[in-house]
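Notes to accompany the following structure.
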Amino acid sequence: MKPLSAGLPFFWGTATSSHQIEGNNSANDWWAWEQTGKLKEASGLACDHFRRFREDIDLISKLGHNAYRFSLEWSRFEPQEGVWDDEAFKYYEEIFKELHARKIEPIVTLHHFTNPQWFADQGGWLSEKASFYFNRYVSRAATAYGKWVRFWITINEPLVYLYHSFFAGLWPPGIKSYRASMKVLRHQLQAHVEAYRTIHHIYETALKTEVWVSVAAHVGHFTPCRPGSFKDRWAVFSRSWFFNELFLNAATSGFLFFPGIYSEFLSGRKSLDFIGMNYYTRDFIRFSSWFGENSLGVSCDKAHHQKEVKELSMMGWEVHPEGLYEVLLRLNRYHLPIMITENGIATQDDGQRSRFILDHLGALRRAMKHGVPVLGYFYWSLLDNFEWAHGFDPRFGIVEVDYKNQSRKIKESAQVLTENCRKIMSEFEKK
Ligand code: IFM
């Protein structure tokens, strides 16, 4: 049995994003936000991947990965409205060539939290023109790189983005509004649906090759604080529906439907070829209110669940591999192949990272044995990198970065990733 009917291999490797590793992304809204001094540190040179991409791709190749997920930086292509930078197109072309030469499949994200500053100045994702601007860029990117790319991710973690940027006000543009969040959700969904069509149109008419398009949805495992409480279970249900499934459901059905709160006709057609999902942790949720913002439940303190919570990461996130198995089984009802576009841990203890990888791959393998068609697995992240508002402290990489001199050192956990992904490949290709 192959993992996929289309005869694709099991893709595995790591994931990164442009702003977190490239350095000097000075034309985007995160850069401007960092200059206001609101954060403990700015991204600056980040991992200097912009200049060191060859060295980094060499590392990926040395580790035996057969795929690599990374993002294109919109603000490099279009630093000013309607002004397209040929050098940026040439730069990413070099990355594609390097990957191709080493037989590494690129999985390409078009939007990973950052926006060109000119776009943000015009209202960004709140603007009625958001989808138009985004799709103009998508069309150029798909035309330029279609010959290299089979897998596109339109938007990374749309719900995480809208929560931090438009609901909690923690990320640029720092807005705290339920209404604004819902508007951004609609505009991102619209942009995704249009991007799906744009990409398919380009591949069907010009390239005449197969293409797979999805989002990377952040999927958490939610569990009731008091399992016996109907209200807590209801809060878990509504939270899972909103944060985990609303986008996926809308993109697979063509309708946006949030029980009792919101519904809208989108296109009536499917706009996902597979499910891209990022899984990190489990959260304990309790009921707070039947209506309004708190109808999605609120988190309860992990300390109350001392017996159940065995391990935390540097981010304070529980390590809970079983949750990956659970969400994979749940999402299997969409009858689409699933790619784990991110899964990782921030820790200074590389032994903890090795166990994390082993246990999560174990959960994934069990799900595959139960028939879930898993298309691939991407550990977050290749390098230690800029973790947004948390700066450089959290260490997610299987490759250590010494920020003083930008030297790289492969950690032991990188071998655990390679060995165990290879085992999964051979196990599922043998049968
Ligand atoms: O670093 C982020 C990434 O940008 C999106 N997914 C979660 C990661 C860890 O927080």
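Coordinate-derived values only; no laboratory data. Not measured: the values here are computed from a predicted model. Don't worry about glycine lacking a Cβ; one is built from the backbone with ideal geometry, like all the others, and counts go over all protein chains shown.
Tally up the residues in region 155-199 that are among the aliphatic types (A, V, I, L, M) and more than 16 Å from the ligand (Cβ to nearest atom), please.
The qualifying residues number 10.
Can you tell me which of F132, F96 is among the aromatic types (F, W, Y) and either farther than 26 Å from G276 by Cα or in contact with a helix residue (DSSP H, G or I) (Cβ under 7 Å, 6 or more places away or on another chain) (or both)?
Residue meeting the stated conditions: F96.
Hey, can you tell me all the residues within region 14-45 that are over 14 Å from R76 (Cβ atoms), among the aliphatic types (A, V, I, L, M) and more than 12 Å from the ligand (Cβ to nearest atom)?
A32, L39, A42, L45
Quick check on my filter: what residues within region 216-266 are among the aliphatic types (A, V, I, L, M) and more than 16 Å from the ligand (Cβ to nearest atom)? Before the answer, list the steps.
We begin by selecting, within region 216-266, every residue among the aliphatic types (A, V, I, L, M); these are 216-217, 219, 235-236, 246, 248, 250-251, 256, 261, 266.
Within region 216-266, A235, V236, L246, L248, A250, A251, L256, I261, L266 qualify.
If we keep just the residues of region 337-362 that are away from the ligand (no atom under 16 Å from the Cβ), surrounded by 20 or more Cβ atoms within 10 Å (Cβ to Cβ) and hydrophobic (A, V, I, L, M, F, W, C), which is farthest from I424 (Cα to Cα)?
I338
What is the number of the single condition among (1) farther than 27 Å from Q188 by Cβ; (2) part of a loop (DSSP other than H, G, I, E, B); (3) of a type in the set (G, A, S); (4) without any contact (Cβ under 8 Å) to a residue 24 or more places away in the chain that G371 does not meet?
(4)
Residue check, L59 against (1) within 16 Å of the ligand (Cβ to nearest atom); (2) out of contact with any helix residue (DSSP H, G or I) (no Cβ under 8 Å at 6 or more places or on another chain); (3) more than 22 Å from N135 (Cβ to Cβ), all met but one. Which one?
With respect to (1) within 16 Å of the ligand (Cβ to nearest atom); (2) out of contact with any helix residue (DSSP H, G or I) (no Cβ under 8 Å at 6 or more places or on another chain); (3) more than 22 Å from N135 (Cβ to Cβ), L59 is out only on (1).
Name the residue, out of V327, V319, V372, that is under 18 Å from the mean Cα position of the chain (by Cα), crowded, with 18+ Cβ neighbours inside 10 Å, more than 12 Å from the ligand (Cβ to nearest atom) and over 30 Å from A32 (Cα atoms).
V327
Please state which one of D393, D384 is touching a strand residue (DSSP E or B) at 6+ places or on another chain (Cβ under 8 Å) and within 16 Å of the ligand (Cβ to nearest atom). Steps first, answer last, please.
Values: D393 fails: touching a strand residue (DSSP E or B) at 6+ places or on another chain (Cβ under 8 Å).
So the residue among D393, D384 that is touching a strand residue (DSSP E or B) at 6+ places or on another chain (Cβ under 8 Å) and within 16 Å of the ligand (Cβ to nearest atom) is D384.
Residue under question is A32, and the condition is that it be in contact (Cβ under 8 Å) with a residue 60 or more places away in the chain and aliphatic (A, V, I, L, M); does it hold?
Yes.
Report yes if F134 is surrounded by 21 or more Cβ atoms within 10 Å (Cβ to Cβ), in contact with a strand residue (DSSP E or B) (Cβ under 8 Å, 6 or more places away or on another chain) and under 29 Å from E34 (Cβ atoms), otherwise no. Let's see the steps before the verdict.
Details: surrounded by 21 or more Cβ atoms within 10 Å (Cβ to Cβ): yes; in contact with a strand residue (DSSP E or B) (Cβ under 8 Å, 6 or more places away or on another chain): yes; under 29 Å from E34 (Cβ atoms): yes.
So F134 passes the test.
Going through region 258-300 one residue at a time, which ones are under 17 Å from L331 (Cα atoms) and free of Cβ contacts under 8 Å to residues at least 60 places away in the same chain?
K270 - this is the single residue of region 258-300 that is under 17 Å from L331 (Cα atoms) and free of Cβ contacts under 8 Å to residues at least 60 places away in the same chain.
Tally up the residues in region 78-116 that are part of a loop (DSSP other than H, G, I, E, B) and not acidic (D, E), please.
Looking only at that region, the number is 10.
Would you mention how many residues in region 320-337 are free of Cβ contacts under 8 Å to residues at least 40 places away in the same chain and more than 27 Å from M182 (Cβ to Cβ)?
The total comes to 1.
If a residue must be outside any helix (DSSP H, G or I) and in contact with a strand residue (DSSP E or B) (Cβ under 8 Å, 6 or more places away or on another chain), how many such residues does region 138-176 contain?
Total satisfying the criteria: 10.
What number of residues in region 386-431 are assigned to a loop (DSSP other than H, G, I, E, B) and either within 22 Å of the chain's Cα centre (by Cα) or surrounded by 13 or more Cβ atoms within 10 Å (Cβ to Cβ) (or both)?
Residues in region 386-431 being assigned to a loop (DSSP other than H, G, I, E, B) and either within 22 Å of the chain's Cα centre (by Cα) or surrounded by 13 or more Cβ atoms within 10 Å (Cβ to Cβ) (or both): 13 in total.
Identify all residues within region 86-102 that are under 26 Å from the mean Cα position of the chain (by Cα) and among the acidic types (D, E); write none if there are none.
Matches in region 86-102: E93, E94, E98.
Restricting to region 275-311, name every residue that is surrounded by 15 or more Cβ atoms within 10 Å (Cβ to Cβ), within 28 Å of S354 (Cα to Cα) and under 24 Å from the mean Cα position of the chain (by Cα).
Selection gives I275, G276, M277, N278, Y279, Y280, T281, R282, D283, F284.
Could you count how many residues in region 64-97 are closer than 24 Å to F11 by Cβ and surrounded by 18 or more Cβ atoms within 10 Å (Cβ to Cβ)?
Residues meeting the conditions: 11.
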